[in-house]
Amino acid sequence: MDVPLRIAFALLLGPLFIALGIYLARGRALPGQSRVLHVRLGAGSIAMGVLVVGAALIAP
């Protein structure tokens, strides 16, 4: 994959992961899910977004 395209995908997906994480961490649980599960999923999604953006910036 071309470098500019890879960076564009990462800079698009990173903020989406972070936004999803913030939404989930606010605790809006779906039926059958606990609030604790949502906070954990939110934290994981935020971390994934940060890692995706970081990888795009460091990778050659």
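Among the residues of the stretch 46-60, those that are modelled with pLDDT under 90, of a type outside the set (Val, Ile, Thr) and farther than 12 Å from Phe9 by Cα comprise Gly54, Ala59, Pro60. For the stretch 5-14, the condition holds for no residue, the condition being that it is outside any helix (DSSP H, G or I) and modelled with pLDDT under 85. Are any residues in the stretch 19-36 modelled with pLDDT of 80 or more and either in contact with a strand residue (DSSP E or B) (Cβ under 8 Å, 6 or more places away or on another chain) or part of a helix (DSSP H, G or I) (or both), and if so, which ones? The answer is Ala19, Leu20, Gly21, Ile22, Tyr23, Leu24, Ala25.
The values are calculated or read from the model by the stated rules, or taken from the named source; none is laboratory data. Since this is a predicted model, take the numbers as computed values, not measurements. Cβ atoms come from the backbone with ideal geometry, glycine included; neighbour counts cover every protein chain shown.
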